Structure formats: structure tokens, C-alpha cells
1. Using Cβ counts within 10 Å as a stand-in for footprinting exposure, how do Ile280, Ile311, Ile317, Ile112 rank, fewest first?
2. Let's see if you can work this out: charge +1 on each Lys and Arg Cβ, -1 on each Asp and Glu Cβ, no other charges. What is the dipole magnitude of the range 285-410 about its Cα centre, in debye to the nearest 20?
3. Measuring from label point to label point, each 7 Å out along Cα→Cβ, what is the Val198 to Ala35 span in nm?
4. Mind listing the long-range amide H neighbours of Trp312? Cut-off is under 5 Å, sequence gap 5 or more, other chains count too, H placed in the peptide plane at 1.01 Å from N.
5. Between Lys407 and Asp116, how high is the FRET efficiency from 1/(1 + (r/R0)^6) when r is the Cβ-Cβ distance and R₀ = 22 Å? Nearest 0.05.
6. In straight Cα distance, which lysines are under 28 Å from Lys63, not counting same-chain residues fewer than 8 positions off?
7. Assuming a ≥ b ≥ c are the square roots of the Cα gyration tensor eigenvalues, decide whether the range 17-133 counts as rounded (a/c under 1.5), prolate (otherwise, with a/b larger than b/c) or oblate.
8. Measure out, as a whole number of angstrom, how far apart the alpha-carbon centroids of the range 344-398 and the range 102-128 sit.
Amino acid sequence: MIHVLVLLLALAGTAHAAGPFFSDSGPDAEAYGAAMGYPIGPRMAGPLPQNNMVGSYSHSGDKYRHRIVAHPPAPSVLYRSDDEVTLSYSYRGAHHDLPDYLSRHPATGLLIARDDTILFEHYQYGRTDRDALLSQSMAKTITAMLMGIAIQEGAIHSVDQAAASYVPGLADSEYGKTPIRALLHMASGVAFREVYDVPDSDNARLANLLFGRTSPGPEQALATFNTREAAPDTRFNYAGPNTEVLGLAVAAATGMSLSDYATTRIWQPLGAEADANWMIDTTGHEPAYCCFSAVLRDWARLGLMMAHDGIWNGKQIVPKQWLLDMTTAQADFLRPGSMTKFYGYGYQTWLLPGPRRQFALLSIHGQAIFVDPKAKLVLVHTAVRLKASRDPAAAELIALWSALVGKFSD
């Protein structure tokens, strides 16, 4: 295939150039559907079969209804290093490097960039730099960015307002009575159990209400989860409805769909090189908590913009103070080590422990963007891990990232 030829030519010519490199294969490629060309498979509820994961996670726009998040006429510049970065790291007493990591982990794409330069860009399972790769929950961070922009523009007045100020259909619900700040912190206090790959979980129920043939629409779907178990902004509980309410508030306040608002406020100012897409539910609303797809280098541009405190392509895209608030723990219960044994939380963004500010966009099955603002360093990882959560493989990616930060620390 043509991308294999590109790989062979690249290896024959500049063996250490920083990519992009493409491979038709990957760990357990046959189980992931290599012989069938990595099929997308039919639309279905519940967990995807393994042989449909690669296809579905790289071609969700061909499978599900969506809106386009349009790219501008010209992309922002990303340079490419003449020498591909090399890295060694230790994990569970063994030494590894980047090629070894890719040989053992089902990553569809792995990109490392620093400042404005790509240092490493590899694809597996026949995926290319033209494939829009699904983010799942990384979309939550985009929704938080849109909220900050809407506040700067005056469409939303304060994070201390109740969500129902902008979504009156939720006025009688506990989510509607919750301040925007608590929703941003995943601390609404409304009972919701997010458990993956379980047919009767709360998140499966919400998805069925949003995407089912007889969907009542997002407001009525959210109102079915209406038991308060804690005061707002006192206890972290990761739950998609928090973000869904934020998205409804942004759309109502701005009078624009989330896709159109993201196009004009983020994607075009960012200088994205390709259209992204955002899935829509049965009633035509983007699920704010998931389902944004973009090519790997545009995910890198998004992370680099965050690494530069909201500035990219010569523009302040996300307000600087908002970006700092997004990536800083604002209460003790949200600090790394207090919220969980490892992570903390800002505004729809995961926080890493340690003395220097580092943060991540994370999602099930291995989607991640890690950001270190001090080193202007970004790692983008898209994957098809079989486990949706509590995946021990995630710990090795942290070890890899930690070694990468150490390599570029002053």
C-alpha cells in the first residue's frame, strides 16, 4: 500500500527524520481487523468488537451523523525536526524506548512536539495523517475552552451563575440549579455513576436517551438524573452530564451550535490543517462530553496552544487567565493526590502531580494529550486499548511522558 512505500522511502533516505511514518500493522493487528482492512462495522450500542475499533475510531465521521468544524484556508506552521527524538524510559524494572512502546501498545498515532516543531510522528494499523481520530472525552476540554471564550465575549456573565440561567429547560432540575463552576470541576453533586462497558450504567442510559430513535432531547435526558447527593463544588465525581450541561449553556448563550462556535473561535484561529467533526445526537445537538474527531497534527496544535497559555498562530485564542484556571486545582479536594491517588482536576482538564504545572486531556481506550507549558512540550496519543478504564497500560504512558519531560527540563 502507498503509505508502506512512504515508510520504506523515508527509512531508506533519512532514517532519523521526525516522520511522519506509517505502518499497516500494529500489536495484535489481525485481532483488530487487518485482514479485513480494519472495518468500521455497523452502528451499534455498547462496546465495539475488537475488529471494528481501529476503523470506528478513525472514521467515526463515516459512521455517525456529525457537524463539520471547518479548517481555515491556510494552516499554521508546524516545523519538523531533522532528527527524530529518541527516548529511553524505565517501567516496572525494564528499560524501553519509543519503537518498543509502539510494538507493544495499540496506538493508532503517537506525536511528540515541542514549541512549534514535530519531533516524532508515527501511525499504526494503516492509519495516516489524513484520518480524523476520535477523541471521546478529550472533547470535554474543548467545551471548557468554549465556555471561557463565551465568558470573555460577554455571552455568559459568570461561572457563579446557575446553569439554568442559560438553559431554562433545566430550571427545575438539580443540574440546572448547579453553578457553572461546579460543573466545570466535575463537582455538581448530582448522583451519576459513570462505568464503562456496562449496559445498564448511568452513562449508557444517558447515551441511549441522547442517541436513541425516540430521544426526548438533551434537556429532558439530563433531567432524568435528578438526585442530589452532595453540595455543589464539594466532591469530585467524573460524569458526562456536567459537560453536557456546559455545552447546552454555551450553545444557548451564543446562539450557535458548538461546532460553529468551535470553528470560528478555536479551529480557524488555531490554523488547523483539516476539518474536524463533532458527532450529533438524534435531535441534532453535539454531545459536549465526547465525540470530537481531528487529525493528529491538529490535536497537537490544540495542545501546543494550551502549552503557550492560550496563544497560537499569533492569536490569543483562549483567554490566558481562563487557560490557567482550567489547568490549576482551585480547591483542596481537586488537587493531585487528594482527588485521586495520582490525578487532580481543573476545568474539564486533568492535572498531573509534581512541582511544575502539567496537565492532560484524557479519554477511554487510550486517547490522551499531555502538556508541559514550561518546556512547551506536547505528546498526543490515540489508541484502541481494549480496556475502557483502569487500564494498567496507561501507567506506562505516564512513565514515557515523565521521561520525555525530564529530557527537556532545564
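Read-outs: derived from the displayed coordinates by stated rules, not from any lab. Keep in mind the model is a prediction, meaning the values are calculated, not measured. Neighbour counts run over all protein chains shown; Cβ positions are idealised from the backbone, glycine included.
1. If I rank by nearby Cβ atoms, fewest first, I get Ile311, Ile280, Ile317, Ile112.
2. 180 debye
3. 3.6 nm
4. It is Ile317, by chain and number.
5. Approximately 0.75, to the nearest 0.05.
6. Within reach: Lys140, Lys387.
7. oblate
8. 15 Å
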